[in-house]
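First up is the structure itself, then whatever we jot down about it.
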Amino acid sequence: GAQKFAERVMAIAGSDAERSVDTAFRLALSRTPSAKERAEFQQLATGRPLAEALTQLGVVLFNVNEFIYLE
């Protein structure tokens with residue numbers, strides 16, 4: 001799941017980390033990341049390949065309350 005999500009993000013955004021985090025948030029939550037969320041992703045991505053960081057971001061995004069649909 002999260003790895004396929006990262007692959008999709010990279011297919012859309014390429015290897016640009018800023019575009020990638022925006023794309024990931026738009027795909028998962030239909031919004032752009034806040035400044036705090038963007039900073040947290042930059043910290044997560046430091047020193048690791050973008051694909052790995054985006055996979056981790058996917059896991060996080062899939063587990064936030066906004067992602068879960070409640071009736």
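The values are calculated or read from the model by the stated rules, or taken from the named source; none is laboratory data. Please read all numbers here as calculations on a predicted model, not as lab measurements. Here the Cβ positions follow ideal geometry from the backbone for every residue, glycine too, while neighbour counts run over all protein chains shown. Heavy atoms of the whole protein, side chains included, go into the accessibility calculation; ligands, DNA and RNA do not. Shrake-Rupley method; radii C 1.70, N 1.55, O 1.52, S 1.80 Å.
When the residues of segment 33-61 are filtered to those that are touching a residue at least 40 places away in the same chain (Cβ under 8 Å) and β-branched (Val, Ile, Thr), which remaining residue is nearest to Asp16 (Cα to Cα)?
Here the residue is Thr55.
What residue, among those in segment 51-66 that are assigned to a loop (DSSP other than H, G, I, E, B) and open to solvent by 60 Å² or more (accessible area, probe 1.4 Å), is modelled with the lowest pLDDT?
Per the stated criteria, the residue is Glu66.
Please go through segment 46-66 and pick out each residue that is among the hydroxyl-bearing types (Ser, Thr, Tyr) and in contact with a helix residue (DSSP H, G or I) (Cβ under 7 Å, 6 or more places away or on another chain).
Matches in segment 46-66: Thr55 only.
Is it the case that some residue within segment 15-32 is without any contact (Cβ under 8 Å) to a residue 24 or more places away in the chain, charged (D, E, K, R), part of a loop (DSSP other than H, G, I, E, B) and surrounded by 12 or more Cβ atoms within 10 Å (Cβ to Cβ)?
Yes; the residues of segment 15-32 include at least one that is without any contact (Cβ under 8 Å) to a residue 24 or more places away in the chain, charged (D, E, K, R), part of a loop (DSSP other than H, G, I, E, B) and surrounded by 12 or more Cβ atoms within 10 Å (Cβ to Cβ).
Do you know which residues across segment 33-49 are in a helix (DSSP H, G or I) and open to solvent by less than 30 Å² (accessible area, probe 1.4 Å)?
Across segment 33-49, the qualifying residues are Phe41, Ala45.
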